[in-house]
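Student: Questions regarding the structure given below will be posed in turn.
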Amino acid sequence: MPGMEGKIMAMDRKVLSWAFYDWANSAYATVVMAGFFPVFFKQYWAAGLTTGESTFALGVANSLASVLIALCAPLLGAIADRAGARKRLLLFFTVLGVSATASLYLVAQGEYLVAVAFYVVATLGFMGGNLFYDSLIVEVASEDRFDRVSAWGYALGYLGGGLLFAVLVAMAVFPQRFGFDDASQVVRLSFLAVAVWWMVFSLPVLLFVREAPPAASSLGAAVRAGLRQLVDTFHHLRQMRVVMLFLAAYWLYIDGVDTIIRMAVDYGLSLGFSSNDLITALLITQFIGFPAAIVFGRIGERFGTKTGIFIAIAVYMVVTVWAAFIDSVAGFYQIAVVIGLVQGGIQSLSRALYARLIPPDKTAEFFGFYNMLGKFAAVIGPVMMGWVALLTGSARFSVLALLVLFVLGAMLLYFVDVEKGRGLRRGL
């Protein structure tokens, strides 16, 4: 049937176009946020500051960006739903992030305040873009394909970010072989490379993914309707107990996941491992994450999305205990492999499960709440780790504190009635 084949091909093009945004913006998350910016900030832009001062400046930058987008996300999402403007806002935040990332190339040594300003704006672009990217999943896939499609997004993100990071790391380690004087030139060039990569691979979702027509006739009407929608959502919270229960569970277990992501380098350094060892571990996680995320999408389809998340949480529990007893770089690499097996899976299946629970005409708004909690994640975990380290005097024991987050998150997730949530989703 030629007509049916054409529909399948068009559907697959939409899915691939949507998923490639993860390939696009993961370059920023991997190369800039997790990779080069923290090191280059301390050694180049903030070279005149003490270690404590530079750490404080970077911490403030990350917190400021997270708080700003977290506070705005639900309202922006509600307005986007009413105005049919998810793609336009995705374009706005993408251009914002790309422009600020490219501008880091121009920042001279010692200008740490300028670097912080561009970094905050770039991170706002990254996080704001994710809000509208996530909400477009309902436009490219039917409910029964959410697991697989969400997994493909994360899988391509791990692969794309990892490939670009691997190339840039090789250039930074051997700058003369690539025609550069030193590694600092490569790192500065990497900001331009990420900006170009991010913009170019964002084009498919902007060109080939369509969204539902607007419910409001003008921007002013969309803002008013968005505000009314947000108020209406809060009034109906009692009817959406399943959604709120999932969000509470998600906040707990994703706090544990994000804490491991953010504290892994610090933990490795405290055990005496070199920065090269830690970068290698990061690359291992990236490339393992590509096929593993796809596999988790299939697990979600076959055994249930909640089951897939439970499997990932169980693995993270094992990892936290294992990490407390590693004493070699080889052990650190092995943990990187195991984390790579589940990190993309727990993220992709969480997004897919949430998409099944929320009203289809309010996806941007509800993903605003989802992303808001995501931005406030890794708040409890680091404090718990620091408190335990202070009491015990050992970084090894501090990582065990994360078990609390995974256990409580799994307990709340157990009581999430997906079928009831899907029924409410259709009725709201």
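The values are calculated or read from the model by the stated rules, or taken from the named source; none is laboratory data. This one's a predicted model, so the numbers in the text were calculated from it and none came from an experiment. As a convention, Cβ positions derive from the backbone with ideal geometry for all residues, glycine included, and neighbour counts pool all protein chains shown. We work out accessible area using only protein heavy atoms, side chains counted, and drop any ligands, DNA or RNA first. Shrake-Rupley method; radii C 1.70, N 1.55, O 1.52, S 1.80 Å.
Student: Just checking, how many residues over the range 16-53 are over 16 Å from LEU282 (Cβ atoms) and either in a helix (DSSP H, G or I) or without any contact (Cβ under 8 Å) to a residue 24 or more places away in the chain (or both)?
Tutor: 19
Student: Can you find even one residue in the range 268-276 that is under 19 Å from the mean Cα position of the chain (by Cα), at pLDDT below 90 and assigned to a helix (DSSP H, G or I)?
Tutor: No, the range 268-276 has no match at all.
Student: Additional query: If you check ALA221, ALA249, ALA264, ALA225, which single one turns out to be under 23 Å from the mean Cα position of the chain (by Cα), over 22 Å from LEU156 (Cα atoms) and either surrounded by fewer than 16 Cβ atoms within 10 Å (Cβ to Cβ) or at pLDDT below 80 (or both)?
Tutor: ALA264
Student: Right, here's the next one. Checking the conditions here, which among GLY179, GLY129, GLY125 is open to solvent by 10 Å² or more (accessible area, probe 1.4 Å), over 23 Å from PHE287 (Cα atoms) and of a type outside the set (Asp, Glu)?
Tutor: Unique residue meeting the criteria: GLY179.
Student: State whether one or more residues within the range 168-175 are more than 15 Å from the chain's Cα centre (by Cα), surrounded by fewer than 24 Cβ atoms within 10 Å (Cβ to Cβ) and part of a loop (DSSP other than H, G, I, E, B).
Tutor: Yes, there is a match, as at least one residue in the range 168-175 is more than 15 Å from the chain's Cα centre (by Cα), surrounded by fewer than 24 Cβ atoms within 10 Å (Cβ to Cβ) and part of a loop (DSSP other than H, G, I, E, B).
Student: Got a number for residues in the range 408-418 being under 20 Å from GLY304 (Cα atoms), part of a helix (DSSP H, G or I) and modelled with pLDDT of 90 or more?
Tutor: 6
Student: Next up: Out of PHE93, PHE118, PHE56, report the one residue that is farther than 17 Å from ALA193 by Cβ, free of Cβ contacts under 8 Å to residues at least 60 places away in the same chain and open to solvent by 50 Å² or more (accessible area, probe 1.4 Å).
Tutor: So the residue among PHE93, PHE118, PHE56 that is farther than 17 Å from ALA193 by Cβ, free of Cβ contacts under 8 Å to residues at least 60 places away in the same chain and open to solvent by 50 Å² or more (accessible area, probe 1.4 Å) is PHE56.
Student: Looking at (1) assigned to a helix (DSSP H, G or I); (2) open to solvent by 20 Å² or more (accessible area, probe 1.4 Å), find the lone condition where ALA61 falls short.
Tutor: In the conditions (1) assigned to a helix (DSSP H, G or I); (2) open to solvent by 20 Å² or more (accessible area, probe 1.4 Å), ALA61 misses (2) alone.
Student: Right, another one. Scan the range 77-99 residue by residue and report those that are in a helix (DSSP H, G or I) and either touching a Gly at 6+ places or on another chain (Cβ under 6 Å) or at pLDDT below 80 (or both).
Tutor: Within the range 77-99, GLY77, ALA78, ILE79, ALA80, ASP81, ARG82, ALA83, LEU90, PHE93, THR94, LEU96, GLY97 meet the criteria.
Student: Kindly provide the set of residues from the range 182-194 that are at pLDDT 90 or above and either within 17 Å of ALA108 (Cα to Cα) or open to solvent by 60 Å² or more (accessible area, probe 1.4 Å) (or both), ordered by number.
Tutor: GLN185, VAL186, VAL187, ARG188, LEU189, SER190, PHE191, LEU192
Student: Can you find, within the range 277-321, the residue that is surrounded by the fewest Cβ atoms within 10 Å (Cβ to Cβ) among those that are in contact (Cβ under 8 Å) with a residue 40 or more places away in the chain and of a type in the set (S, T, N, Q)?
Tutor: Checking each candidate, the answer is THR280.
Student: Here is a further query. Quick one: in the range 292-313, which of the residues that are under 20 Å from the mean Cα position of the chain (by Cα) and among the aromatic types (Phe, Trp, Tyr) is modelled with the lowest pLDDT?
Tutor: For the range 292-313, the residue satisfying everything is PHE296.
Student: Same structure, new question: Considering each residue of the range 328-339, count those that are free of Cβ contacts under 8 Å to residues at least 24 places away in the same chain and either under 16 Å from ALA401 (Cα atoms) or open to solvent by 20 Å² or more (accessible area, probe 1.4 Å) (or both), and give that number.
Tutor: 4
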